[in-house]
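A.B. asks: Structure incoming, see below.
The values are calculated or read from the model by the stated rules, or taken from the named source; none is laboratory data. From a predicted model like this one, the values you see are computed outputs, not experimental measurements. Here the Cβ positions follow ideal geometry from the backbone for every residue, glycine too, while neighbour counts run over all protein chains shown.
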Amino acid sequence: MRWIWIDRFTAFESKKTATAVKCLSQAEDQFGEHFPGFPVMPAPLILEGLAQTGGILVGEANDFREKVVLAKVPSAKFHREAHPGETLTYTADIVDLRPEGAVIKGRVTSGAELVMEAEIFFAHLDQNRSQQLFGDHNFVFSGELKYLLGLAKQAAQPQ
Amino acid sequence: MEYEAIYDKVKSTLVDALNVDDDQVTPDARLQADLGAESIDFLDIVFRLEREFGIKIPRGELFPESIFQGDPAFVADGKVTDKGLAELREKMPFADPAALDKFAADPELEKMGDLFTVNLIVRYIQSKVG
């Protein structure tokens, strides 16, 4: 299953801020059942997109050496529903970046309208323990996320 | 900084970090048993306290990890050893002595979490900001 909930990065400033966009298409599976005849983007998937935007920002800060996992969402507010045909813009700003983890504040907009805002807390998995459990492989930043990382790097290039 | 001023800030920090109501946070409230804190919350609380008070909290200083992790010299048969208790007292000079004495009387590791109260955080911050 594909689990990528952002389409591309449009801005990326290492250790500070990242912006990504997600175009909502009627063809996406989630709209079939959520809800029949009244497609609404599921709120947790909007949050997931924001977490992916912020998670890559946090991962890049240490050259993807850390295994960055979503540890906690201390607060999230959903202001309105989002529907197919809209383009959501995810912005994540780093509040705190530490050896143990990081905190981001994020917001999701559609045009000028605020759709959702949240604070997300990421933890770096303990290096020694995750080495025992998972070996050297960084399972967080692999596969499809790597493709996005390339786009993040492109967005970070000076214009 | 006065105890009351620190207490008010610690209280609002815990309300935000743990999503609890104002009136649940009392000086004696235990972070885990009463306020429902989980392990990841302790890291979140440390980050927030640093931002709120503009201080640096070295890893393991407010919530010492060495004993939690079951070091055999500190923990035996599910109980904290005398060496472990000495370590606790040394690492946590900001803990309420009466609470430490109570724990020492029956030092089951599972009950160690009860030492971590709202009051303990306030006393720790007091020791940092003077």
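A.B. asks: What do you reckon, is B:Phe42 at pLDDT below 90, buried (at least 16 other Cβ atoms within 10 Å of the Cβ), under 11 Å from the mean Cα position of the chain (by Cα) and among the aromatic types (Phe, Trp, Tyr)?
C.D. replies: The answer is no for B:Phe42.
A.B. asks: For residues in segment B:41-60 being in contact (Cβ under 8 Å) with a residue 12 or more places away in the chain and charged (D, E, K, R), which is farthest from the other protein chains (Cβ to nearest Cβ)?
C.D. replies: Out of the qualifying residues, it is B:Glu52.
A.B. asks: For segment A:121-159, name all the residues that are modelled with pLDDT of 70 or more and assigned to a helix (DSSP H, G or I). Show your work before the answer.
C.D. replies: Residues of segment A:121-159 modelled with pLDDT of 70 or more: A:121-126, A:140-142, A:144-145, A:147-157.
Matches in segment A:121-159: A:Glu144, A:Leu145, A:Tyr147, A:Leu148, A:Leu149, A:Gly150, A:Leu151, A:Ala152, A:Lys153, A:Gln154, A:Ala155, A:Ala156.
A.B. asks: Same structure, new question: Could you list all residues from segment B:1-40 that are small (Gly, Ala, Ser) and either assigned to a helix (DSSP H, G or I) or within 14 Å of chain A (Cβ to nearest Cβ) (or both)?
C.D. replies: Across segment B:1-40, the qualifying residues are B:Ala5, B:Ser12, B:Ala17, B:Gly36, B:Ala37, B:Ser39.
A.B. asks: Without any contact (Cβ under 8 Å) to a residue 12 or more places away in the chain, within 13 Å of the chain's Cα centre (by Cα) and either assigned to a loop (DSSP other than H, G, I, E, B) or more than 14 Å from chain B (Cβ to nearest Cβ) (or both): which single residue out of A:Pro36, A:Pro44 fits that description?
C.D. replies: Within the list A:Pro36, A:Pro44, the selection yields A:Pro44.
A.B. asks: So, in segment B:65-74, exactly how many residues are modelled with pLDDT of 85 or more and surrounded by 13 or more Cβ atoms within 10 Å (Cβ to Cβ)? If you could, list the steps in order and put the result at the bottom.
C.D. replies: Of all residues in segment B:65-74, those modelled with pLDDT of 85 or more come to B:73-74.
When the remaining residues are screened for being surrounded by 13 or more Cβ atoms within 10 Å (Cβ to Cβ), the result is B:74.
Total meeting the criteria: 1.
A.B. asks: Given the conditions (1) surrounded by fewer than 15 Cβ atoms within 10 Å (Cβ to Cβ); (2) in a strand (DSSP E or B), which single one is not true for A:Asp93?
C.D. replies: (1)
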